[in-house]
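What follows is calculated from the coordinates using simple rules that are stated; it is not laboratory data. Bear in mind the structure is a predicted one, so any value in this text is a computation, not a measurement. Backbone-built Cβ (ideal geometry, glycine too); neighbour counts: all protein chains shown.
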Amino acid sequence: MVDVPDFVYVLVNNPLWIALPILLFAALALWSGSGTAWVAAVAWNLYLIYELGMKAEEFCSGNDCLKRTPLYVGYPVLALVSLMAVVQVYVHVRDKRRT
């Protein structure tokens, strides 16, 4: 994969960094009461399980672990869910301050 920049593989090479968005969205969900933030935390948690399984070669074997075609769908879905969660947290916090 010569054409893919290295920053795309930061989470693939360091799957424990995925815990940061999980903790962030869980904290935002507790703070704001946003259900969408919980959905984002669960989505990131599922991605962490996937990456740990790939790293331990539970979901693949040998050179098949280098193929990351599910990430062409996974990364945009995670980005969309995360963006929606951030917007919902903002809306929840804004509405709480108005009342």
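Observations, loosely collected:
- Only residues that are touching a helix residue (DSSP H, G or I) at 6+ places or on another chain (Cβ under 9 Å) and either more than 30 Å from Trp31 (Cβ to Cβ) or surrounded by fewer than 16 Cβ atoms within 10 Å (Cβ to Cβ) (or both) were counted in segment 47-82, giving 12.
- Restricting the first member to segment 8-26 and to residues that are touching a residue at least 24 places away in the same chain (Cβ under 8 Å), and the second to residues that are of a type in the set (Lys, Arg) and surrounded by fewer than 18 Cβ atoms within 10 Å (Cβ to Cβ), the beta-carbon pairs closer than 6 Å and six or more apart or on different chains are Pro15/Lys55.
- Residue within segment 89-97 that is buried (at least 18 other Cβ atoms within 10 Å of the Cβ), out of contact with any strand residue (DSSP E or B) (no Cβ under 6 Å at 6 or more places or on another chain) and either without any contact (Cβ under 8 Å) to a residue 24 or more places away in the chain or not in a helix (DSSP H, G or I) (or both) present: no
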